[in-house]
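Okay, structure first, notes after.
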Amino acid sequence: MVESFHEFVVHRSPALCRTAYLLTGDHQLAEDLVQTALARTYRHWRRVRDGNPEAYVRRVMYHQQVSWWRRRRLVERLEAELTERADTDHSEATTLRLSLDAALRQLTPRQRAVIVLRYYEDLTEAQVADALGCTLGTVKRHGHDGLRRLRAVAPELVDATAERSTR
Amino acid sequence: MTARLREALRSTAEGVPAYPVYERALATARRDRRRRLTAATGALLVLVVAGVALPLARTPAPGPAATADATLPDRVGLPPIGTLHVTDRPRLGPASVIFDGPAPRLHGWNDINVVGVVDADSDSYRIMRMGGESLAGESVHLSPDGRYLARPDGDQDDPRVDVIDLVTGRTQRLTSTVDRSVSSSPVGWSADGGSLVVRDDVPVTFEGATYTTVLSAVTVGEKRWTRLAATAEEAHVGSVVAAAPGRLAYQYGRTVAVTDLDGREQSSFALPDETWLAGKGAWRPDGAALTLATRRSETDEWTLRQVDPTTGRDVGPLRLPAVSGVVAIRLLGWAPDGSALVAAYEPDPLAPDPPLEEQTDPPATSDQQVHTVRVLALTPGATAPRTVLTAPDQVVAVDVADQVIRSGRIRDARPPGGVGGRFWLWSGLLTVLVTVSMLYVGRQRIALWLDDRRVKRACRPARPGRQRPTWTAR
């Protein structure tokens with residue numbers, strides 16, 4: 001049964017918002033990213049609703065994020081508010097999350113997208129290549145570079161065996 | 001493994017709320033759709049306007065309407081700066097008048113001369129640039145129907161005459177076939193406009209100190225050259241050529257010869273002193289007589305009289321008023337009311353007297369002698385000439401299409417002012433070029449400005465119903 005656009009947004013927007021946040025690292029940007037991707041999907045809804053609309057939205061999000069990054073040349077804004085919260089909450093989960101947040105900011109959007117797709121969406125490298133519209137070699141390179149940079153800035157996230165296992 | 005990375009990603013994602021983006025996504029999609037529709041409508045409008053404008057700019061079909069409406073403007077003005085050229089679109093179509101001289105806008109850099117061209121039935125102007133000396137009616141000639149312009153071109157190794165079609169903008173090159181010719185120049189048209197009379201200068205000696213002048217009739221379509229005469233340069237053959245259907249009359253030295261277009265001489269006669277073949281309109285409309293122009297040295301008046309083309313004897317008075325106070329006159333043609341239209345060259349008061357040896361030559365109408373030119377109508381029975389066309393100072397040469405003279409109509413002219421089409425064309429191109437250059441140079445600043453706008457919009461205080469996410473671990 002083909003669902004309406006409204007039903008699609010209601011059902012899938014939580015997952016899309018999570019992915020968007022991981023891609024951008026900023027709630028405002030993530031919200032704008034989801035909004036832009038959904039607006040574009042709405043324009044082509046008749047064409048994409050019979051296929052896999054969520055994949056279409058995700059692909060739009062990945063490409064839009066890279067496009068925005070190119071335009072603003074990685075003008076990252078510091079989230080002072082989050083740092084203050086880190087001082088007040090020292091639970092292990094929060095510490096891990098903040099470490100991840102800081103580490104992901106050191107990646108390029110493509111590296112970030114590959115990391116998110118590979119280790120959050122659990123896609124294979126071929127599926128990542130298909131989602132990003134690039135070659136498998138590109139995915140491997142971005143994944144490798146991304147992990148290496150993460151290990152450099154946040155070694156607690158990627159242990160040594162992880163890097164060896166990816167080679 | 002990457003267990004900790006996966007764990008951190010999931011932990012972070014779990015804290016992300018679902019943003020309320022549905023309504024705003026719809027609004028964004030609708031706004032984008034409106035913009036696209038507006039852009040598409042604009043593009044469609046541009047296409048429609050272009051579709052309407054292009055046919056207007058297309059070459060007008062030459063037809064009887066253009067010739068039927070041909071009228072003589074009562075004055076000509078200097079072409080505005082940036083006036084379109086005769087080969088530019090939209091084409092001018094048949095012309096009524098051409099003129100030139102040393103006036104400021106008729107004389108360009110690098111010794112470029114400009115010939116002004118006036119439309120047959122409106123005050124549209126075009127210009128034609130020439131590398132060498134140009135004199136309308138002497139070295140640049142308008143065809144009888146006003147459609148073609150003939151001008152000298154090429155160099156001494158490849159002398160030729162260009163015939164420019166004012167309707168299509170195409171130029172036909174008539175390369176001289178006269179052996180060893182170093183200069184080729186048109187001197188007149190045949191009555192039907194199918195042939196051009198061309199004068200070639202051929203050096204007699206290797207040094208080129210003296211020349212022989214060769215007069216030829218050239219069919220414009222077939223480019224067939226027929227020799228009419230060859231004389232010494234001093235005879236000034238071809239200085240005046242008059243055409244009647246199937247016949248030509250031309251002066252060389254003190255003799256007038258009448259030939260057909262194949263070069264067969266039909267008659268010739270000697271001219272009295274102070275008398276010349278009157279001009280390109282020397283044939284009377286019925287072709288039965290030739291008109292001569294006589295200067296009375298005692299009164300400095302110019303009069304016209306008609307002679308038998310075979311014997312040169314007078315065949316009766318013309319009863320036309322005399323023209324006085326001018327350097328020379330050239331008979332352009334005959335109006336339907338029997339008036340003779342003459343170009344009258346008014347003297348430049350500062351010009352020196354011509355040397356004695358040149359005072360027996362055909363009347364000089366060079367810019368050194370002439371201040372301005374007018375077209376006068378010499379009406380039978382009138383006591384004085386009537387001015388039918390005036391030109392600004394330093395416009396010293398004029399030619400009028402035969403069909404315009406034959407129409408007998410004169411209109412109130414308002415020569416164009418301001419600037420011409422080429423000025424707007426170049427200004428537009430320059431503006432686009434500068435704008436594109438500025439956008440290219442400032443592209444980084446523009447990108448930053450756009451990004452700042454977007455970021456500021458994104459960082460605005462949360463709108464109602466847009467909750468700021470919290471970082472409470474779940």
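The values are calculated or read from the model by the stated rules, or taken from the named source; none is laboratory data. Here the structure is a predicted model, which means the values were calculated and not measured. Backbone-built Cβ (ideal geometry, glycine too); neighbour counts: all protein chains shown.
Checking each residue in the range A:120-149 for being basic (Lys, Arg) and out of contact with any helix residue (DSSP H, G or I) (no Cβ under 8 Å at 6 or more places or on another chain) picks out only A:Arg141. Apart from one condition, B:Met128 fits all of (1) within 14 Å of the chain's Cα centre (by Cα); (2) under 19 Å from B:Ala343 (Cα atoms); the exception is (2). Can you name every residue in the range A:145-166 that is assigned to a helix (DSSP H, G or I), at pLDDT below 75 and either within 7 Å of chain B (Cβ to nearest Cβ) or surrounded by 15 or more Cβ atoms within 10 Å (Cβ to Cβ) (or both)? Passing the criteria: A:Thr161, A:Ala162, A:Glu163, A:Ser165, A:Thr166. Annotation note: of A:Ala20, A:Ala55, the sole residue that is more than 7 Å from every other protein chain (Cβ to nearest Cβ) and at pLDDT 90 or above is A:Ala20. Taken together, the criteria exclude B:Glu222 from residues that are assigned to a helix (DSSP H, G or I) and either assigned by TED's automatic domain parsing to the domain that holds B:Trp276 or touching a His at 6+ places or on another chain (Cβ under 7 Å) (or both).
Residues are listed down the side, and each one gets a yes or a no for (1) outside any loop (DSSP other than H, G, I, E, B); (2) surrounded by fewer than 14 Cβ atoms within 10 Å (Cβ to Cβ); (3) at pLDDT 90 or above; (4) basic (Lys, Arg):
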position	(1), (2), (3), (4)
A:Val2	no, yes, no, no
A:Leu29	yes, no, no, no
A:Trp68	yes, no, no, no
A:Ala86	yes, no, no, no
A:Ala102	yes, no, no, no
A:Gln106	no, no, no, no
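For the range B:86-120, a residue qualifies if it is surrounded by fewer than 23 Cβ atoms within 10 Å (Cβ to Cβ) and of a type in the set (Asp, Glu), and the qualifying residues are B:Asp88, B:Asp111, B:Asp119. Determine if the range B:233-240 includes at least one residue that is touching a strand residue (DSSP E or B) at 6+ places or on another chain (Cβ under 7 Å), part of a strand (DSSP E or B) and of a type outside the set (Lys, Arg). No.
Here B:Gly246, B:Gly188 are screened, and the one residue that is crowded, with 16+ Cβ neighbours inside 10 Å and among the small types (Gly, Ala, Ser) is B:Gly188.
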